[in-house]
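The values are calculated or read from the model by the stated rules, or taken from the named source; none is laboratory data. As the structure is a prediction and not an experimental result, all values here were calculated from the model. With ideal geometry, Cβ positions are generated from the backbone for all residues, glycine too; neighbour counts draw on all protein chains shown.
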Amino acid sequence: MSRWTTYLPPVALVVLVIGWLTHPEGPIGVTVVAVFLVAAVLAAVHHAEVVAHRLGDPLGSLVLAVAVTVIEVALIVTLMVSGGKDTATLARDTVFAAAMITCNGVVGLCLLLGALHRRVATFNAEGTGTALATVATLATLSLVLPNFTESRRGPEFSPGQLAFAAVASLALYGLFVFVQTVRHRDYFLPVGDGTPDVDEVHAAPPPSRRALASLLLLLVALVAVVGLAKIESPAIEDAVDAAGAPQSAVGVVIALLVLAPETLAAVRNAMRGRVQTSLNLAFGSAMASIGLTIPAIAVASIWLDGPLVLGLGSTQIVLLAITVVVGALSVLPGRATVQEGGVHLALCAAFLFLAVNP
């Protein structure tokens, strides 16, 4: 284990504590926080890969997705409790941004890199299709249906409907984890094509002690990433206001920062030809973001003041629909070329552009 990845997470956590106490302002303070934020992301990717190598697929790729999402949920709930009515759409904006970034940006980049690596990116259509179907169902139940229910005015659930969406989301996510790790584990394993990477063949799994240390350092690094991202949020809000973008764009930027560890890990796996592992990370992140956030928000809504707006706008629904259609056409054959990767990246670019310029 390299020294900087060992020492950086605790140091970043110290910087986080100092930042919480001092509320750094000005270019120097913002720059220091940004540097440690990027370093914490890189350290998190390193330790996640160590843990994943020890556990093997697909359980290893599940660790980073769940760890990041749990901390992301804690950040959303904290901001909503402290923000009051001004954060009524925060959960919706963050969850939707995470889904679009992972299902289009990360998936598109991984398919593109995988196809460039071996001309055609190959993966298990059974497992990847199951993951996409679960993401689509979770997104529809939690983010689309509120626009069409009649118990409340506007895109909101009634308490009973919110409880149903929370239970359904948690049940679907739990069922998927069981299918992925136990019942049909082979559906989520990388497809062998006779040309494995040399590093993958000869690299022995790390010892249990090192893997446990990396797991602890991964959690510390993820806490630092989310906390430092929150400290940076005022500077991000100022930049968004200066650019004339809507307030929802802040959630997109925060989602990009929080998802950075998973994105880098997925890209590194795709560059090695392990496209299935990359897709496990991408769709697993989207699924965990919805499946864990909605139940947490449902519980937190007991103490939250003001409305909880979950329903997507018309533009967002269109983007979600085309993402599901394109995703199905991309993953069901079990093979993808650079074209499929480019289409997903175009959709991600459209989402980011419309988030800034609706």
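Things to note:
Residues checked against (1) at negative phi; (2) crowded, with 24+ Cβ neighbours inside 10 Å:
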residue: Gly244; (1), (2): no, no
residue: Ala266; (1), (2): yes, yes
residue: Leu281; (1), (2): yes, yes
residue: Ile302; (1), (2): yes, no
residue: Leu329; (1), (2): yes, no
residue: Ala336; (1), (2): yes, yes
residue: Pro358; (1), (2): yes, no
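- Taking the stretch 103-139 as the range and being polar (S, T, N, Q) and either in contact with a Phe, Trp or Tyr (Cβ under 8 Å, 6 or more places away or on another chain) or not in a helix (DSSP H, G or I) (or both) as the test, the residues that pass are Asn104, Thr122, Asn124, Thr128, Thr130, Thr134.
- Any hit, the stretch 341-357, residues being at pLDDT below 85, in a helix (DSSP H, G or I) and among the small types (Gly, Ala, Ser): no
- Residues within the stretch 217-253 that are of a type outside the set (S, T, N, Q) and over 16 Å from Leu16 (Cα atoms), tallied: 16
- Note on the stretch 25-75: residues that are crowded, with 19+ Cβ neighbours inside 10 Å and outside any helix (DSSP H, G or I) total 2.
- Residues being without any contact (Cβ under 8 Å) to a residue 40 or more places away in the chain and assigned to a helix (DSSP H, G or I) - total across the stretch 295-325: 5
- Conditions (1) among the β-branched types (Val, Ile, Thr); (2) modelled with pLDDT of 85 or more; (3) closer than 15 Å to Gly105 by Cβ; (4) buried (at least 20 other Cβ atoms within 10 Å of the Cβ): number failed by Val258: (2)
- Of note, Ala282 does not satisfy the criterion of being over 20 Å from Gly334 (Cα atoms), within 21 Å of the chain's Cα centre (by Cα) and either part of a helix (DSSP H, G or I) or of a type outside the set (Lys, Arg) (or both).
- Unique residue being touching an Asp or Glu at 6+ places or on another chain (Cβ under 6 Å) and not polar (S, T, N, Q) when the list is Val275, Val258: Val258
- Residue count for the stretch 188-222, restricted to those that are in a helix (DSSP H, G or I), at pLDDT 80 or above and within 21 Å of Arg118 (Cβ to Cβ): 1
- Among the residues of the stretch 146-171, those that are among the hydrophobic types (A, V, I, L, M, F, W, C) and surrounded by fewer than 18 Cβ atoms within 10 Å (Cβ to Cβ) comprise Phe148, Ala163, Phe164, Val167, Ala168, Leu170, Ala171.
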